[in-house]
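As structure tokens, the structure follows; a few thoughts come after it.
The values are calculated or read from the model by the stated rules, or taken from the named source; none is laboratory data. Note that the structure is predicted; figures quoted are calculated from it, not measured. Ideal geometry is used to build each Cβ from the backbone, glycine not excepted, and the neighbour counts take in all protein chains shown. When the accessible area is computed, the model is the full protein with side chains, heavy atoms only, and any ligands, DNA or RNA have been set aside. Shrake-Rupley method; radii C 1.70, N 1.55, O 1.52, S 1.80 Å.
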Amino acid sequence: MLILIGISADFDPVHKGHEKLIKEARKLADRENKKVVVYLNKGFSANHAPFFVDFDARSEMALSLGADEVKSFEGLHHRLVLSYSVPIRLKQMIDDGVTDYITSASITLDEIKQKAQPFIDEGNFVGMPKSYKNRNEIRWYAINEFLGSKLKYHVIKEFNKDKYSGRIIRQSIIDNDMVISQDVKKLLPKTTVEILEREIDAGRVPGERNWKDIYKRMNTYSRGNLEKIAYLNGTTINEIIKRRVYRDPESIWAVFRRSDYGPVMTRLAISAIEMDVSKREVMDLMKSYEAQGVIPDNQKVQKVIDRAWYVASSGKSAREANETFRSQNIEVNAPLTLEAGLNLTKFETKITKEGLNTDLYVDKNGKISVQFKSEGKKIKTNLRLPAVEVTYLRYIMDSHFIPVSGSIKKAKKGFKVNVVIG
């Protein structure tokens, strides 16, 4: 028996719009002798937030409405943005034997195809315009086509999003002291109401973040340790240090707003802090899927590194250089190691030793600096690099997922830092 994929979603909770989607999938599956399999995100939602309702309860909601099976996507949404997680999820479905993908949208399949084509042609799915309706559906279609998948795409008309919205339903229940009002019940299948009320009574709803660990890391980590966490850049790290102490979620959201993070990137960054996700962890995950042919060429780690070098060294404005690099097939030989000078005192030079590991960070004045320990002493100093290499290294350090590391190297006079990128 082949498989029909009903949905890849959060279902948090399952409302009548989701019920319609499952029923349409059921009709198609019964006609073609296939199964309806719902893939639910687990751990963190596609928008990088903790779930209101846990995986088991959401699975029960889907199964009660006619799905044959529920599978999970795990370990992705506290590590990756959607343009990277969607290809990975698509591959899992295809490997499972999925033949059809069904989703709901307010625009037609022809409109989805039209808006997706430029992204398919470029092979780059980062930066889908916010003005696009049904951006996620466009992204799924574009990546499916780009990867050469034979997955057949089906679109049904979605319910009114202003009414049938998981976010609005969740907030209404919270605002009503965790009681499901009659107005909200009208938006939910009977089985969802029964399961949801049971979960609320058991104290399993709503799911929450581990704020204790988030506060601890944001209040105590050094710049060097914060620099290792994915989705934090130099500006944000300095804002975090400057605004300490953190005791409530609003103070944390405020620091990301000051750093010009939007809501989605803020949730991803907070999730990375909560789970202590390192840039190296994210990069290694991306590379593992690159090896499987899942990640588009223009989104590969080396491409991000090459773009940083081109923008830094081209002599063009950053905007012009980025556009040129994206629109033309430019090959560069980006250096993966740099040798940086140090500003050490005589005493610091005396106790410094070759081979010591260093943490790189951006200091409060915006200078790239290193920190290391030798003979029980903590040494901090700015790096000395040519202007092009400083710009390049700053782009890398602000890339969100490419790690940098350093080690002390003996020089003709004193010491240098050998900086390794990626």
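Brief remarks follow.
- Reported count of residues in the stretch 133-167, each being open to solvent by less than 60 Å² (accessible area, probe 1.4 Å) and either assigned to a helix (DSSP H, G or I) or of a type in the set (D, E, K, R) (or both), is 11.
- Taking the stretch 10-52 as the range and being surrounded by 23 or more Cβ atoms within 10 Å (Cβ to Cβ), touching a Pro at 6+ places or on another chain (Cβ under 9 Å) and part of a strand (DSSP E or B) as the test, only F44 passes.
- Matching residues, the stretch 343-377, being part of a strand (DSSP E or B), β-branched (V, I, T) and closer than 14 Å to F415 by Cα: T358, V370
- For the stretch 102-132, a residue qualifies if it is closer than 21 Å to K91 by Cα, of a type in the set (A, V, I, L, M) and in a helix (DSSP H, G or I), and the qualifying residues are I112, A116, I120.
- Test: residue in the stretch 61-75 that is touching a helix residue (DSSP H, G or I) at 6+ places or on another chain (Cβ under 8 Å), part of a helix (DSSP H, G or I), touching a residue at least 12 places away in the same chain (Cβ under 8 Å) and buried (at least 18 other Cβ atoms within 10 Å of the Cβ): yes
- Filter result (under 24 Å from A142 (Cα atoms), surrounded by 16 or more Cβ atoms within 10 Å (Cβ to Cβ) and either among the β-branched types (V, I, T) or touching a residue at least 40 places away in the same chain (Cβ under 8 Å) (or both)) within the stretch 278-297: V282, M283, L285, M286, Y289, V294, I295, P296
- Qualifying residue in the stretch 104-119 (condition: open to solvent by 10 Å² or more (accessible area, probe 1.4 Å), in contact with a Leu (Cβ under 9 Å, 6 or more places away or on another chain) and touching a residue at least 60 places away in the same chain (Cβ under 8 Å)): yes
- The set of residues from the stretch 214-244 being open to solvent by 50 Å² or more (accessible area, probe 1.4 Å), of a type outside the set (V, I, T) and either in contact (Cβ under 8 Å) with a residue 24 or more places away in the chain or part of a helix (DSSP H, G or I) (or both) comprises K216, R223, N225, K228, K242, R243, R244.
- Top-ranked residue in the stretch 378-396 [being in a strand (DSSP E or B) and either touching a His at 6+ places or on another chain (Cβ under 7 Å) or open to solvent by less than 30 Å² (accessible area, probe 1.4 Å) (or both); ranked as farthest from L344 (Cα to Cα)]: L383
- Once the stretch 173-202 is narrowed to residues that are farther than 16 Å from E60 by Cα and among the basic types (K, R), the residue that is surrounded by the most Cβ atoms within 10 Å (Cβ to Cβ) is K185.
- Flag for R79 being among the basic types (K, R) and surrounded by fewer than 22 Cβ atoms within 10 Å (Cβ to Cβ): no
- Yes/no for D162 being at pLDDT below 90 and either of a type outside the set (F, W, Y) or touching an Asp or Glu at 6+ places or on another chain (Cβ under 9 Å) (or both): yes
- For the stretch 253-277, the candidate set comprises residues that are small (G, A, S) and closer than 13 Å to N233 by Cβ; within that set, the residue that is most open to solvent (accessible area, probe 1.4 Å) is S259.
- Filtering the stretch 1-16 to residues that are modelled with pLDDT of 95 or more and farther than 14 Å from S64 by Cβ leaves only D12.
- Screening S399, S317, S327, S405 for residues that are open to solvent by 40 Å² or more (accessible area, probe 1.4 Å), closer than 26 Å to D121 by Cα and under 25 Å from the mean Cα position of the chain (by Cα) leaves exactly one candidate, S327.
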